[in-house]
Amino acid sequence: MKIELTEQQFRYLLDLVYIGNWVINSTRENDRIREYDQVESLVFSRCAEHKMKSLIEHLDGAVIPSHAFAEGGIHEVIENYEDVVFYEILAEELALRDMDGEPMTRENYAELMERIDTYMGEFEEHGTDHVSVDLEE
């Protein structure tokens, strides 16, 4: 397979591949899905041809993203995504809890969305400052 990309598109592809492998493998510890690591290594191995040697390192015979790449702002993008997803999931879970755990239906969709929007507004204004958990013993 041959894909032709501009230098800028290739650089964006590096970000996409890194983020994808991060999502798939970052929490797996010793149970990584090696095929994704291999694809990441294959894509990053092309950096040398594109005058992007600073973006790669070699580890155990594999080409991996360099510390410079990983510390160059890509994790800020990942963290921003994680923050949004965290608040969206929390808002939906709290809204469903408020509705006694009823699954979403056509009949309750508007109410559920209103509750989610209310929680999202709260989180946008105050983060989790007003969230509390009562622990029962």
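Bear in mind that the values in this text are calculations on the coordinates, not laboratory data. All of these numbers come straight from a predicted model, not from anything done at the bench. Positions of Cβ are backbone-derived with ideal geometry, glycine not excepted, and every protein chain shown enters the neighbour counts.
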Exercise. Evaluate the relative contact order of the chain (contact order divided by residue number), counting alpha-carbon pairs under 8 angstrom at least 6 apart; express in whole percent.
Key: 14 percent
Self-check item: DSSP-loop trypsin sites (Lys or Arg not before Pro) across region 16-63, with at most 14 other Cβ within 10 angstrom
Solution: Arg28, Arg32, Lys51
Self-check item: With Cα atoms, 0 to 90° folded angle of helix 7-25 axis to the chain main axis
Solution: 60 degrees
Quiz prompt | Of [x] 28.5; [y] 13.7; [z] 9.3, the label for mean projected area of the Cα convex hull in nm² derived from the coordinates | solution = [y]
Quiz prompt | Positive dipole terminus of the chain, leading residue within Leu96, Val85, Ser54 (C-beta point charges) | solution = Ser54
